[in-house]
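The values are calculated or read from the model by the stated rules, or taken from the named source; none is laboratory data. Model, not experiment: these values are computed from the prediction. Please note: Cβ atoms are built from the backbone with ideal geometry, for glycine as well, and neighbour counts cover all protein chains shown. Accessible surface areas use protein heavy atoms only, side chains included; no ligands, DNA or RNA. Shrake-Rupley method; radii C 1.70, N 1.55, O 1.52, S 1.80 Å.
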Amino acid sequence: MVKHYRMTILEEFIEHTYVSAGITSPDQITIDELSTRLNVWVHYAEIGSRALEAVSGMYSMFIDSRLPKGQQRLDFLHELCHLLRHAGNQMTMPESYTQMQELEAEQFVLYAAMPSSMVFQLTPIMPTMVDAIPCLVDVFDVPPALAVKRIEQIKRRIIDGYRQSKRSEQKNRSHEPAWSRETKRVLQQLDRQLVAKGLPGYQDHGLI
């Protein structure tokens, strides 16, 4: 069923970013590793987490030192989205635009904390969705609620991909010639004659 999963543009962006930076395993998805490989200067202080790009291409970030380590990492991923994908000062943006950026940052956290390429490598050890949740919590070091959200998202994507695949198959079948039984018999006979002469037959062109 994994073959029916389709990544979003945002997810593809994260996968490409990770591969380019050499991030290939869950144990590399840490603040220290990501900040080093993506050239982000991280400061810990007793203020709300926020991203800064004072000069284009020079990334820095404040992470709230009062938060637990796990939440600090999620904050880092959230702010990383703003650095890599967003521009402008949210304080001066229309509220609707700010909301759009925040929604994308929330999705970014899901994908960046549990990339699908890494999740699907675990398929042999989590044969059912029930097994998947504790597995993601353990391997990716994420809160159970976040693991549940990611698994539900993956399930929806697989189902949507499967339905889309079936619709495509039905659409293709609807364009197949509606030959009568006698016409098919004649075509098959002609096909055998063509093949016997070493020529492409009707079957090679999808006619029978």
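A few points about this structure:
- When region 60-74 is filtered for residues that are within 19 Å of A113 (Cβ to Cβ) and either open to solvent by 30 Å² or more (accessible area, probe 1.4 Å) or in contact with a strand residue (DSSP E or B) (Cβ under 8 Å, 6 or more places away or on another chain) (or both), the ones remaining, listed by number, are M61, I63, D64, L67, P68, K69, G70, Q71, Q72.
- Restricting R50, R37 to those that are in contact (Cβ under 8 Å) with a residue 12 or more places away in the chain, open to solvent by 30 Å² or more (accessible area, probe 1.4 Å) and out of contact with any strand residue (DSSP E or B) (no Cβ under 6 Å at 6 or more places or on another chain) reduces the list to R37.
- Checked against the criteria, P144 does not count as modelled with pLDDT under 70 and farther than 30 Å from E53 by Cα.
- Boolean, A132 is at pLDDT 90 or above, assigned to a helix (DSSP H, G or I) and open to solvent by less than 80 Å² (accessible area, probe 1.4 Å): no
- Selection count where residues are more than 26 Å from the chain's Cα centre (by Cα) and small (G, A, S), scope region 34-59: 4
- Long-range neighbours under 7 Å by Cβ, at least six apart or interchain, first residue in contact (Cβ under 8 Å) with a residue 60 or more places away in the chain and closer than 16 Å to E11 by Cα within region 151-166, second of a type in the set (D, E, K, R) and open to solvent by 50 Å² or more (accessible area, probe 1.4 Å): R157/R6; G161/R6
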